[in-house]
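Student: Before I ask anything, here is the structure I am working with.
Rule-based calculations on the coordinates, nothing more; no lab input. All values reported here derive from a predicted model rather than from experimental measurement. Glycine also receives a Cβ, built like all others from the backbone with ideal geometry; neighbour counts cover every protein chain displayed.
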Amino acid sequence: PETITVQELSNRMAERATEVIKQLMKLGVMATINQTIDADTAEVVIQELGHTIKRVTDADVEMGMLGLEGNDEVNLIPRPPVVTIMGHVDHGKTSLLDAIRSTDVVRGEAGGITQHIGAYQVNLASGNKITFLDTPGHAAFTEMRLRGATVTDVVVLVVAADDGIMEQTIEAINHAKASQVPIIVAINKVDKPDSNPDRVKQELLQHELVVEDMGGDILCIEVSAKARTGLDKLEEAILLQAELLELKANPDRSAIGTVIESKLDKGRGSIATVLVQKGTLKVGDIFVTGNESGRVRALMNERGQQVDSAGPSLPVEVLGLNGTPNAGDDFVVVESEAKAREIAAYRGHRDRELAVAAAGRGSLEQMLAKL
Ligand code: GDP
Ligand code: MG
């Protein structure tokens, strides 16, 4: 059961402990300053003294531990949009990602071998940047959504112009709608002689997606990943959508991000690809991710080059983890190793309690089944 000491309760209300003790006496509870009282009694005292009650949830406790409570919406500057490409199998998701990757103006000269790190940022000739999540199929996106992680700002829905809306297209539409993420439609394979973009637009109507040239507000671009046409228009559409969303983040704070994927490397240990969402992640930072903690030993971009820091919307590989987190886990920089351990332990403890509770339910069900 939840309890609180008289001292702590008075501190939180900024009232004198004697005031609290007086109220308790009225309720027939004789307590000294160091004694604990239960939550229900505390609630009555709080109301009697004219304060409002906020029963703290697990999430609140964590926010407090992580130092994330309160308003940190300061020093906001525009950040690049984070995009997930979705669509039916064989409609050209991978081809489109590759084609877009080839439009990167920085990559050309760098010539480094591209590693697969699950996300990459494209530098456009205009100076703008777009981050693409290269998740294998819908699985990662779905899993992340289940974990409550919202990393995607915009979904690009790829529909092959010669095939139209298929089962996984509908799934993707539903995912995007459920996550309240705006959709941009990329009608792909328009180079094919049997392509029929108008039919695709018609079919989209049945899913309440009304494209611009049919009087709606869904941006729709005709592309060919193979012939590499329409890519600049698609990128422009993404940037336009991003502008409407007014995507902003404070780069001058400790980093908060989400794990996109992770792996255990024989030589280098656990490695996570982290999408930084707020603040700037730096080498040497102490962090908590899922139930793990660690200190950033090195940061690497998708070309395998070491970088010193990563700001909002930039995906980086992080070395220095003590364990392997899951896709969708948060990644939060904290001020000390003690704090990191405290939070990781709290989360481990909570997960064990949840597991015990679940097991308890299981046995109750088994008991009932036997009756
Ligand atoms: P994914 O399953 O959605 O990732 O689709 P892929 O990118 O693997 O593409 C499936 C097939 O469609 C491959 O054979 C591609 O070469 C082909 N393809 C992809 N984009 C285009 C395109 O714009 N035009 C044509 N003609 N074929 C394409
Ligand atoms: Mg593919």
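Student: Just to confirm a number: summing +1 for Lys and Arg and -1 for Asp and Glu over residues other than Glu212 whose beta-carbon lies under 14 angstrom from that of Glu212, what do you get?
Tutor: Once all neighbours under 14 Å are counted, the net charge is -3.
Student: Contour minus end-to-end for Asp308 and Glu171, with contour as 0.36 nm per residue of separation and end-to-end as the Cα-Cα distance?
Tutor: Answer, rounded to one decimal: 45.4 nm.
Student: Hey, can you grab everything whose amide H is under 5 Å from the amide H of Ile260? Only 5+ residues off in sequence or another chain; H modelled, so Pro and N-termini drop out.
Tutor: Thr273, Val274, Leu275, Gly328
Student: Please give the net charge around Val334, taking every other residue with its beta carbon less than 10 angstrom from that of Val334, where Lys and Arg add +1 and Asp and Glu add -1.
Tutor: Net of charged neighbours comes to -2.
Student: Give me Rg over Rh for the range 201-310, both radii from the alpha carbons and Rh done the Kirkwood way, two decimal places.
Tutor: Result: Rg/Rh = 1.12.
Student: Continuing with the same structure: How charged is the neighbourhood of Gly230? Take every other residue with its Cβ under 14 Å from the Cβ of Gly230, and add Lys/Arg as +1 and Asp/Glu as -1.
Tutor: 0
Student: While we're looking at this one, here's another question. Taking the number of other C-beta atoms within 10 Å as the exposure measure, put His51, His91 in order starting with the fewest.
Tutor: His51, His91
Student: Order these by the 10 Å Cβ neighbour count, fewest first: Leu205, Leu314.
Tutor: Least to most surrounded, the residues fall as Leu205, Leu314.
Student: Using the number of other C-beta atoms within 10 angstrom as an exposure proxy, rank Ser179, Ser195, Ser293 with the fewest first.
Tutor: The most exposed by this proxy come first: Ser179, Ser195, Ser293.
Student: Further question on the same structure: Under a point spin-label approximation (7 Å from Cα along Cα-to-Cβ), what is the Arg16-Asp232 distance to one decimal in nm?
Tutor: Placing both labels 7 Å beyond Cα along the Cβ direction yields 7.5 nm.
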